[in-house]
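Undergrad: First, the structure itself, so that you have it in front of you.
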Amino acid sequence: MRHVRRVAGYVDQLTPENLDERLTLERSGKADSDELQMLVNGVARMQESLRQAIDGLEVDIAERIRAEKALKEAKALTEAVLENVPLMVFLKEATDLKYALFNRAGEELLGCDRQHLLGRTDRDSFPPEQAAYFTATDREVLDSPSGYLDIPEEWVPTASQGERLLHTREVRIDAPDGATRFLLGISEDITKRK
């Protein structure tokens, strides 16, 4: 029994740094020897299992760190593209048509800070007739089988440039389960072409 206590004490002291240390016990008789050998073999198997578990955790952690880094890089690239594309890009929640995303080109075109739009609807930011028009076209996209609408020309009031003529494309974005999540819009200022 003293050997069992000694082995239990040894197991309690195992750490990743001392997994390679060997347990040695005094052997006095055949029965003791068999029992001791079983205990030593059991501890050796535990050491190997712990070593493999730690190695596996280290690999899992390294893979997770790499995946998180890749995700951050992809997100940064997506944000850089979104912020630097010379077209107004906006994203609205499908349920209430509140702006969820608005890029820098949109801010420059409309002459207003995106914080004025984010979390708000067109009714909060545009004249009533314009807001009603935007809401109707957004609902048309969300409810149509194609989930897409090309608006070749639409006049939009801006804060600093007067009315601008835009070519807008809108597309419905569905979640993997098929539920409609967002409305994506991309608008190009074509005023100078007319």
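Undergrad: Report yes if some residue within region 28-51 is of a type outside the set (D, E, K, R), assigned to a loop (DSSP other than H, G, I, E, B) and surrounded by fewer than 10 Cβ atoms within 10 Å (Cβ to Cβ); otherwise report no.
TA: yes
Undergrad: Return yes or no: is SER144 closer than 28 Å to ALA80 by Cβ and polar (S, T, N, Q)?
TA: Here the answer is no, as SER144 does not meet what is asked.
Undergrad: Kindly provide the set of residues from region 113-162 that are under 26 Å from ALA179 (Cα atoms), surrounded by 12 or more Cβ atoms within 10 Å (Cβ to Cβ), hydrophobic (A, V, I, L, M, F, W, C) and over 27 Å from the mean Cα position of the chain (by Cα), ordered by number.
TA: ALA131, ALA132, PHE134, LEU149, ILE151
Undergrad: A follow-up question, please. Name the residues in region 136-194 that are touching a residue at least 60 places away in the same chain (Cβ under 8 Å) and within 20 Å of GLU108 (Cα to Cα), would you?
TA: Passing the criteria: LEU166, LEU184, GLY185, ILE186, SER187, GLU188, ASP189.
Undergrad: Give me the residue from region 81-92 that is surrounded by 15 or more Cβ atoms within 10 Å (Cβ to Cβ) and out of contact with any Gly (no Cβ under 8 Å at 6 or more places or on another chain) and, out of that set, farthest from GLU188 (Cα to Cα).
TA: LEU82
Undergrad: Looking only at region 97-113, decide whether some residue is at pLDDT below 95 and over 24 Å from LYS192 (Cβ atoms).
TA: For region 97-113, residues at pLDDT below 95 and over 24 Å from LYS192 (Cβ atoms): present.
The values are calculated or read from the model by the stated rules, or taken from the named source; none is laboratory data. Quick caveat: nothing in here was measured; it's all calculated off a predicted structure. Every residue, glycine as well, gets a Cβ built from its backbone with ideal geometry; the counts of neighbours run over all protein chains shown.
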